């Protein structure tokens, strides 16, 4: 085997919100008189996530409280129409809605891929910009039997694409040779560039078809 660990990103790689996040934000915003379209919300959300995950805050240490604050800022930027007096309750509802397994779906190729890799002797990990909500979701979605380690930014202490995320993650995986760690994810800056800069191997997953992960890992 070429690798000791196969490490997957979570959102956009293993799973996705259903309905998609923009539709959920639009639904919550509509309760407060929001007149923007779902596509407008989608663009706001994308810009907010880029700002708060790829901006200067990537240099700051993080934990569960900081990750929650990050998402509070993302919601505020995405739904600025919500009055101050109603914001906290709306944010809390959104936060809790994405903690429910019913809000998420695995991509169709995920379980066959991780089962094959696990049966082949690889150790499997998830490395994600997420928080305390992720481990229960991994369990509820049926991934837990195939996953040996879950590395979330709120516990690692930094978020991707900060290379300290990968340095600390490698320590948690007890990896003496980072070239034997393979990161697979859908975000090039966070899952590929940063991983390679940290001495890991990495592959970019582009979900252009239902079996994209199967094709990407066919040689493993």
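Here, each number is a calculation from the coordinates, and none is a lab measurement. Please read these numbers as outputs of a predicted model, since none were measured by experiment. Cβ placement follows ideal geometry from the backbone for every residue including glycine, while neighbour counts extend to all protein chains displayed.
Beta bridges per DSSP, both residues in the chain: antiparallel share near 15 percent. Axis angle, to the nearest 10 degrees, between helix 38-54 and the longest C-alpha principal axis of the chain: 60 degrees. Legend: ranking of residues 5, 71 from fewest to most surrounding C-beta atoms inside 10 Å; resulting order 71, 5. Where only DSSP H runs of four or more residues are counted, the chain gives -12500 deg cm²/dmol as its mean residue ellipticity at 222 nm, each run worth -39500 (n - 2.57). Each part gets one Cα centre, and for the range 90-121 versus the range 157-220 those centres are 18 Å apart. On the principal axes of its alpha carbon atoms, the range 9-156 extends 52, 32, 23 Å, with the longest extent given first.
Compared with the dominant principal axis of the Cα atoms in the chain, helix 163-172 is inclined by about 50°. Subtracting the Cα-Cα distance of residue 144 and residue 100 from 0.36 nm times their residue separation leaves 14.2 nm of extension gain. Dimensions of the range 70-220 along the principal axes, based on C-alpha atoms and rounded to the nearest Å, stand at 53, 31, 27, largest first.
Modelled label positions at residue 32 and residue 209, each set 7 Å beyond Cα in the direction of Cβ, lie 4.3 nm from each other.
For the range 19-102, the fraction of alpha-carbon pairs lying more than 22 Å apart is 24 percent, rounded to a whole number. The modelled label-to-label distance for the pair residue 111/residue 179, using points 7 Å beyond Cα in the direction of Cβ, is 3.8 nm. On the basis of the beta-carbon distance and an R0 of 22 Å, residue 43 and residue 83 show a calculated FRET efficiency of 0.50. Here the gap between residue 197 and residue 51, fully extended at 0.36 nm per residue and compared with their Cα-Cα distance, gives a gain of 50.4 nm. Angle of helix 84-97 to the longest C-alpha principal axis of the chain, folded into 0 to 90 degrees and rounded to 10: 30°.
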